[in-house]
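The next block holds one structure in the form of structure tokens; read it before the comments.
The values are calculated or read from the model by the stated rules, or taken from the named source; none is laboratory data. None of these values were measured; they are calculated from a predicted model. Cβ sites come from the backbone with ideal geometry, for glycine too, and all protein chains shown count toward neighbours. Only protein heavy atoms, including side chains, enter the accessible area calculation; ligands, DNA and RNA are left aside. Shrake-Rupley method; radii C 1.70, N 1.55, O 1.52, S 1.80 Å.
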There are 2 protein chains.
Amino acid sequence: MASQTEENYLKSLFNLANEKNEVNISELATQMQVSLPTVNSMVKTLQKNGWLIYEKYKPVIITPEGKKVAALVIRKHRLTEMFLVNKMGFGWEEVHEIAEQVEHIHAPKFFERMDEMMGFPTIDPHGSPIPDAQGRIQEIKYLNLSDCKAGQVVKLAALTNSSTEFLEFLNGRNLRLGTELSILSKEAYDQSILISYLNHSSETLSEKVSEKLLVKLLD
Amino acid sequence: MASQTEENYLKSLFNLANEKNEVNISELATQMQVSLPTVNSMVKTLQKNGWLIYEKYKPVIITPEGKKVAALVIRKHRLTEMFLVNKMGFGWEEVHEIAEQVEHIHAPKFFERMDEMMGFPTIDPHGSPIPDAQGRIQEIKYLNLSDCKAGQVVKLAALTNSSTEFLEFLNGRNLRLGTELSILSKEAYDQSILISYLNHSSETLSEKVSEKLLVKLLD
DNA sequence: ATATTTTGTTAGATCAGTCTAACAAAATTG
DNA sequence: CAATTTTGTTAGACTGATCTAACAAAATAT
């Protein structure tokens, strides 16, 4: 069984992996906030457990087994976030830190029960998909708001970044998942986007913001 | 901040402490299921943190600070158990293992929210008191069923042992907290007790069982 | 294509938490 | 009270997860 530390490395590996399932050791070190030698020794440990393939001076390759372990931890994380929001009244900006701890709990029934109580949700409070109990993730492809054009009407579906600061920024503008946005115009100079929604007749979103918003085209 | 391991030692210390707050190192070793040298080195660590007083060859003495840390972990454990039973539909025999993990989560709001959702319960699913947010425990003194006499009518209020096996034994006899028991007779030879309750016109409880049941005298 | 920078490795140390073996003090018992 | 048992201590080792220092390979840039 993976230790909490190993689970965290696998999660990072999972998130950093490209199409070839490769991750550079230094990216992992940055992500995990540890030194390169620490990662070097940890990847050797992870390899012994069959969760990745390691060859000197090569990027590591996460194995299907490693991906499954990671996906199941991510499942627990996202179920927890959804439970905290839907059943315990937390705001979407408050749940990451708590879920980061709860995700390491070994108690299948606990998470099954959460899942059941929520009616088997498929996305978490930030629009990210919840892997199923087998560790499979249903990838949904959304549009980036920054790629949309004036005149389009879209619905806010997910975020590519869920930092507390960004979530609080969105809270301050009453932007939440499901909010329908009309794109009024797009500034050619800085790519900022003018939108209207709810009782906000016009709000400007910088590219820095719009590129973090994933949307679904309406009609 | 106490590590998970330290929290577990402090919990055991708290539970083993006598009126003088003293605990023998070997009792602690038995309770924690580790060797004596391990405890020996750990008590030195705990002393450095001010959670106990250690002198060679003397029982350790838990300090008020140590007791508070322990009580706050116990608070999280018991709130979690109650939440699992009352809000998530678990049986009282299923919650200990999960709470043993959840108790180490550092997220005050998470436990405050549980507390609030349950209306600030004062006891856990096994009748044990829940320490308050300052780590104070309101001790309630119950009678031991094994000390009761024929003719008395009592209400099951708490357990002195909450092992899964014992809880399953009680489940099998429909015995739960709040059940009113009439003591029909007591066998002088083996101290077994004959009781009636609900639709059970007569059940015998061995001393091994009755001494683990805490009751409140009715009238 | 050489020099420089970035990335990765090795060696060796540290800390937390654990162990066994050997021994010493305290408590118990005959 | 002496012998035995129980309890506690010390020394030394191990594992997991981390670090720094020194170095080596690979990638990049002049």
### Summary
Only unsatisfied item for A:Ala157, checking (1) under 30 Å from A:Glu7 (Cβ atoms); (2) not in a strand (DSSP E or B), is (2)
### Message
Consider the stretch A:107-136. How many of its residues are under 25 Å from B:Val95 (Cα atoms) and small (Gly, Ala, Ser)?
### Response
3
### Query
Does B:Pro131 fit the bill of being in a loop (DSSP other than H, G, I, E, B) and farther than 28 Å from A:Asp115 by Cα?
yes
#### Entry: Any hit, the stretch B:105-115, residues being outside any loop (DSSP other than H, G, I, E, B), closer than 16 Å to B:Lys76 by Cβ, of a type in the set (A, V, I, L, M, F, W, C) and more than 14 Å from chain A (Cβ to nearest Cβ)
no
### Message
Among the residues of the stretch B:1-18, are any within 16 Å of DNA strand D (Cβ to nearest atom), within 30 Å of A:Met117 (Cβ to Cβ) and within 14 Å of chain A (Cβ to nearest Cβ)?
### Response
yes
### Query
Say we look at the stretch B:23-39 and pick out the residues that are buried (at least 17 other Cβ atoms within 10 Å of the Cβ) and more than 8 Å from DNA strand D (Cβ to nearest atom); which of these is farthest from the other protein chains (Cβ to nearest Cβ)?
B:Val23
### Query
Condition test on B:Glu112, is it under 18 Å from the mean Cα position of the chain (by Cα) and either in the same structural domain as B:Glu168 (by the TED database) or surrounded by fewer than 17 Cβ atoms within 10 Å (Cβ to Cβ) (or both)?
no
### Query
Out of the residues in the stretch A:40-81 that are hydrophobic (A, V, I, L, M, F, W, C) and open to solvent by 30 Å² or more (accessible area, probe 1.4 Å), which is nearest to DNA strand D (Cβ to nearest atom)?
A:Met42
### Message
Given the condition closer than 24 Å to B:Ser162 by Cα, within 16 Å of DNA strand C (Cβ to nearest atom) and either part of a helix (DSSP H, G or I) or away from every other protein chain (no Cβ under 14 Å) (or both), answer yes or no: does some residue in the stretch B:47-61 qualify?
### Response
no
#### Entry: Candidate set: the stretch B:62-100, residues that are among the acidic types (Asp, Glu) and away from DNA strand C (no atom under 16 Å from the Cβ); chosen: the one farthest from B:Gly119 (Cα to Cα)
B:Glu65
### Task
Check B:Gly172 against each of (1) open to solvent by less than 50 Å² (accessible area, probe 1.4 Å); (2) over 16 Å from the mean Cα position of the chain (by Cα) and name the one condition it does not meet.
(1)
### Query
With respect to B:Leu205, is the statement that it is under 21 Å from B:Asn15 (Cα atoms), modelled with pLDDT of 95 or more and buried (at least 19 other Cβ atoms within 10 Å of the Cβ) true?
no
